[in-house]
């Protein structure tokens, strides 16, 4: 009878011997029907096709079977193409204000937007650990699709692999994105000009502290949520208002605002001065940072941008940013000068100055 059948799986070892693992078909069917990802889901066989056809493809793209091929065919566009790729290993995979799925889309969309590109297409690569929950996978896939729809980008291709238990941590995601630059404005990290004002679109350090709070189970009195968001819509507003007076865009993710500002100062061979009193920091985030000995200036963000614009348009651009849902707490936090190349300093709240250096190590690991 079928339910008494025995299946033998042979696992070759390095010494040319084999281990024979015996399963009843009942045991195999139980594993197929339950909520867990199996190694077989990455085999390329029936289980792989079930996972793709029943869960991954319907949620991410809805592409019919007849339209599935080894590569996506993209429509021709007019303009310069921008391409980026990123990997996401955040722990925990669900955190206040987002998930690894929404974060993966936002991170890649934002990298394109920081070049002034209009994001168009994404690829999604999934590395799943054996034993990972299909229910959790479904939630992540739904967040990926929702984030992509909200950002106005299409998921056109992807890949899924399964690794043995203990060889990964639940799920890792790699996303790549392609966008088009269909304007003549040069936006680059080496374009900061003396006299430029530096604008940030809101409070800093929210993402890093939210992820850490979720990871460590910190019970903070005020809900701290990640700022993870797609910034391409806000960038379009800035481009419209500033035109070629916009010189640099950058999203201060790992290493925070301080590290990003330091990078731009070095790239552009300029000096930058930040004003501590103007740095917007949520009081709850500031409180957690004070308790833990962290500086919000070095904590990661996932929904913030730094815009370097000519001084004569700065107030106008700031007003435009504040009219956007992601820019209500925007502020001018510094300025560029022709001083010592790569130098960054902070005008402190007590009237002094201090040097701002790049983050030396990893303050909060696995933050994105």
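Looking only at the range 79-91, which residues are in contact with a strand residue (DSSP E or B) (Cβ under 9 Å, 6 or more places away or on another chain) and either at pLDDT below 95 or closer than 19 Å to residue 300 by Cα (or both)?
Taking the range 79-91 and keeping what is in contact with a strand residue (DSSP E or B) (Cβ under 9 Å, 6 or more places away or on another chain), we get 79-90.
Of everything in the range 79-91, those that are in contact with a strand residue (DSSP E or B) (Cβ under 9 Å, 6 or more places away or on another chain) and either at pLDDT below 95 or closer than 19 Å to residue 300 by Cα (or both) turn out to be 85, 86, 87, 88, 89, 90.
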Residue pairs within 8 Å by beta carbon, gap of at least six or interchain, first lying in the range 73-87 and in contact (Cβ under 8 Å) with a residue 12 or more places away in the chain and not assigned by TED's automatic domain parsing to the domain that holds residue 153, second surrounded by 12 or more Cβ atoms within 10 Å (Cβ to Cβ) and outside any loop (DSSP other than H, G, I, E, B), listed first then second, are none
For the range 137-150, does any single residue satisfy the condition of being assigned by TED's automatic domain parsing to the domain that holds residue 171, without any contact (Cβ under 8 Å) to a residue 60 or more places away in the chain, part of a strand (DSSP E or B) and within 25 Å of residue 51 (Cβ to Cβ)?
no
Given the criteria in contact with a strand residue (DSSP E or B) (Cβ under 6 Å, 6 or more places away or on another chain), outside the structural domain of residue 264 (by TED's automatic domain parsing) and part of a loop (DSSP other than H, G, I, E, B), does residue 116 qualify?
yes
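Tell me, please, whether a residue that is crowded, with 21+ Cβ neighbours inside 10 Å, out of contact with any strand residue (DSSP E or B) (no Cβ under 7 Å at 6 or more places or on another chain) and closer than 23 Å to residue 113 by Cβ can be found in the range 306-313. Steps first, please.
Of the residues in the range 306-313, the ones crowded, with 21+ Cβ neighbours inside 10 Å are 306-309.
Checking the rest, the ones that are also out of contact with any strand residue (DSSP E or B) (no Cβ under 7 Å at 6 or more places or on another chain) come to none.
Looking for residues that are crowded, with 21+ Cβ neighbours inside 10 Å, out of contact with any strand residue (DSSP E or B) (no Cβ under 7 Å at 6 or more places or on another chain) and closer than 23 Å to residue 113 by Cβ, one finds none in the range 306-313, hence no.
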Just checking, does the range 250-271 include any residue being farther than 25 Å from residue 352 by Cβ and in contact with a helix residue (DSSP H, G or I) (Cβ under 6 Å, 6 or more places away or on another chain)?
yes
Here is a list of conditions, (1) surrounded by 15 or more Cβ atoms within 10 Å (Cβ to Cβ); (2) over 19 Å from the mean Cα position of the chain (by Cα), and residue 179 meets all of them except one; can you say which number that is?
(2)
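The values are calculated or read from the model by the stated rules, or taken from the named source; none is laboratory data. Note that the coordinates shown come from a computational prediction; the quantities given were computed from them, not determined experimentally. When we count neighbours, we look across all protein chains shown, and the Cβ atoms used for this are built from the backbone with ideal geometry, even at glycine.
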